[in-house]
Amino acid sequence: MNEENAGKINSRTKQLILLLLLLASLLLLAARLHTYDEPFQNDLTFYSLVAHEMLAGKKLFVDVWDHKPPAIFVTYEIAELIAGFGPNAMFLLSFVPSLLCLLGVTYCLYRFCKSTVPKADSFTILSATAVVAFLWAIQSGDPLLEGNQANTELFQCVAKIWVFGLVLSTNSQKKRWLRFFVIGLLCTVASFYKQPAVIFAGALAAAYLLYELQNPSANATTAVRQVLLAAAVAIVGWLLMLLYYYLCGRFTPFWDSIVTYNMAYSASSDGLLTRIVRTIASGHLFPMRHTVFLVLVTLWGGILGLRRNDKARRTWMLLFVYVVSQVVEVALPGRFSHHYYFLLFPPFVLGAAFAMVEISLRFNSRQGTVVLALLLLLSSCWLQMPFYRLPSKAWPKIKYPWLEFAETRDQAWQLKGVLKPDEVLYQWGGATGLYYYLGRRPPVSIIYAFHAQYGPIRDTLAKRLLAELQARPPDMIAVVQHLSFFSPVADWIMANYVPLSKIPLKSRVAFFGLRGSRVAKEYGGIEMEAVDVTQSLKPSASKVSTGRRLTFLCEGSASGVVTSLPSAPYVCALRLRYGIEFSGSGAGAAFVRWKESGKERSLMYWLEPGMAEKNYYLWLWGRPEELKIFPHLTSSKFAIDKLELLVAKDFDKVKLNHWQLKARGQQPPSPR
């Protein structure tokens with residue numbers, strides 16, 4: 001290629017690029033309209049509820065609590081001001097950022113082509129533009145990546161894509177201070193959605209400096225000043241945020257939420273390198289399975305680009321850094337949620353488009369370019385079309401097969417006539433859909449229950465939550481089953497509320513009415529009693545027993561066949577009072593499994609240091625014929641002080657055919 005011919009794209013090509021952008025934007029709009037009525041994931045309804053409360057005058061981190069920086073809530077506030085509270089705002093939040101990403105990836109390709117593609121080769125430019133624009137329109141809504149809904153990753157991608165494009169468009173030979181001011185501003189905004197975005201900013205800055213400092217024609221001093229300017233903008237942005245919360249008298253709750261809680265949230269017994277390996281392990285890469293072809297084409301294009309010329313090498317080096325930084329960001333929390341992997345989608349879309357350019361220039365074959373473009377676009381259509389044949393209500397089952405967001409919305413519609421306008425609903429658990437679909441405001445500042453159950457400030461949050469509930473006891477409490485049910489709040493609920501037998505079960509939510517309230521009287525409140533089954537546990541040689549306390553090393557299990565249980569909607573609850581002795585830091589997972597009408601059911605819960613001597617409630621549905629407990633702990637001992645079944649008083653006593661508790665793994669030392 002003659003690099004002297006690079007740098008200009010004729011006006012006819014620019015017009016055709018705009019036409020392709022228009023068509024891709026319309027396709028993107030149609031794709032988002034298809035899922036307009038999709039039941040929303042818990043994070044989205046939570047953001048919407050918090051933003052709604054903030055617009056009503058409540059203060060973030062004080063009157064409503066979360067551990068994310070404020071950008072996501074401010075974004076949802078803006079959407080509500082424009083489109084109102086509800087699905088219109090959700091659609092706006094989904095479509096507009098996706099459109100900005102589409103424009104951003106096209107801009108990145110434009111800058112790449114302008115600097116490396118011969119002026120006369122408009123065919124290559126248009127082919128690559130069609131690929132990047134339509135790939136984004138078709139595949140960015142992949143339900144496995146949860147890209148069609150407005151989570152924090154989508155907004156981060158807007159900023160990161162445009163930062164990448166601006167870096168591609170500049171070098172140290174021209175100062176361009178305004179451009180680097182904007183780069184710093186966009187990086188700051190990305191970190192205001194989630195703090196790990198600073199990894200992307202730092203990695204890209206380091207790669208830019210490395211290239212400029214080793215380039216003989218570059219101005220090293222200018223390059224350093226450019227990076228320092230962008231870094232200064234980011235630092236000043238965070239200092240201004242800290243100053244704002246200090247002046248508002250909210251610095252301590254802000255710091256506890258954003259720093260103290262998040263350090264524990266991201267803490268793991270695994271090192272960062274182990275988490276990175278897990279991020280790219282086959283099991284965790286499931287959300288990325290529809291992008292495999294893009295990855296392979298990107299690798300092919302990268303090999304060709306690194307051998308072509310200096311400008312192409314610079315672009316591919318920066319893209320490689322982009323990908324690696326996103327892998328680290330996905331790995332850092334150690335959670336591996338599917339929507340985290342959306343961060344990796346933009347660089348591979350860009351990589352596929354850049355590869356189109358490299359392959360076209362290398363082989364100089366229009367037919368080959370067309371074939372590759374068609375393969376990319378048709379494979380994307382083939383992968384996504386089955387999803388678009390499904391109604392929007394079915395999409396949550398693809399994204400979260402273990403959760404029931406569609407059923408939550410249906411149940412909310414059924415509950416519309418249950419509560420009177422002056423009666424209060426509280427939802428305990430990791431779900432917020434009932435508030436959202438019923439149009440009810442959360443009565444407490446701690447909306448997600450797990451914030452008051454886990455982490456370094458859980459005791460403070462639990463006390464605040466309990467005080468708020470005691471000040472105005474809700475008339476109805478909805479308990480979400482997937483979440484562990486312990487804390488002082490759980491004990492208070494069990495002491496003051498009764499299960500409601502006349503509300504149909506959906507989405508694994510148990511409904512409780514305040515004892516003596518209208519709701520409890522009209523909707524079949526059931527008084528419960530505890531049946532102690534601790535003494536029914538058969539002796540085991542691999543346990544240490546001290547009175548009624550049963551202690552196990554490493555791993556234990558309790559199983560039994562339970563008969564003569566009532567067939568009411570809420571059959572029973574399992575209550576454990578346990579203690580844990582840890583040999584070190586860390587946490588463990590445990591599973592409760594039961595059979596219901598011959599089908600296996602299971603529920604996972606978490607155990608952490610400092611959770612000893614607490615009651616733990618697990619509600620079971622249907623008619624459990626067999627119950628099993630499988631703790632898998634990183635501790636040295638697992639201890640159960642008491643094991644009870646809570647059943648309705650009006651029914652027969654629980655009969656235990658057999659119930660055995662045993663340990664596996666290392667044998668306990670002999671008692672002294």
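The values are calculated or read from the model by the stated rules, or taken from the named source; none is laboratory data. For clarity, every value in this text was computed on a predicted model and none was experimentally measured. Cβ placement follows ideal geometry from the backbone for every residue including glycine, while neighbour counts extend to all protein chains displayed. Please note that ligands, DNA and RNA were not included when accessible areas were found on the heavy atoms of the full protein model with its side chains. Shrake-Rupley method; radii C 1.70, N 1.55, O 1.52, S 1.80 Å.
The table below lists the values:
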| read-out | value |
| --- | --- |
| Residue 381 accessible area, 1.4 Å probe, all protein chains in place, Å² to nearest 10 | 50 Å² |
| Label point distance in nm, residue 26-residue 218, each placed 7 Å from Cα along Cα→Cβ | 4.4 nm |
| Computed FRET value (nearest 0.05) for residue 242 with residue 12, which takes r as the C-beta separation and R₀ as 51 Å | 0.50 |
| Within-13-Å neighbourhood charge of residue 475 [Cβ basis; K, R +1; D, E -1] | +3 |
| Pairwise label distance in nanometres, residue 266 with residue 521, each label 7 Å out on the Cα-Cβ vector | 5.4 nm |
| Distant-in-sequence amide H partners of residue 219 (H built 1.01 Å from N, under 5 Å) | 172, 173 |
| Under-5 Å amide H pairs with residue 64, H placed in peptide plane, nonlocal only | 59 |
| Neighbour net charge for residue 63 - beta-carbon separation under 13 angstrom, K R +1, D E -1 | +2 |
| Scaled radius of gyration (Cα, divided by 2.2 N^0.38 Å) that region 329-445 gives | 1.69 |
| In Hz, Karplus ³J(HN,Hα) per residue of region 358-366 (6.51, -1.76, 1.60; θ = phi - 60°; x = Gly, Pro) | 4, 5, 5, 5, 6, 9, 6, 10, 5 |
| Amide H partners (placed H, <5 Å) of residue 428, local residues excluded | 478, 479, 480 |
| Segments 324-332, 158-166, 513-521 sorted - mean Cβ within 10 Å per residue, highest first | 158-166, 324-332, 513-521 |
| J(HN,Hα) series, region 464-480, from Karplus relation 6.51 cos²θ - 1.76 cosθ + 1.60, nearest Hz, glycine and proline x | 5, 4, 5, 4, 5, 5, 5, 5, 9, x, x, 6, 9, 10, 9, 9, 7 |
| Fully extended contour minus Cα-Cα distance, from residue 299 to residue 389, at 0.36 nm per residue | 29.2 nm |
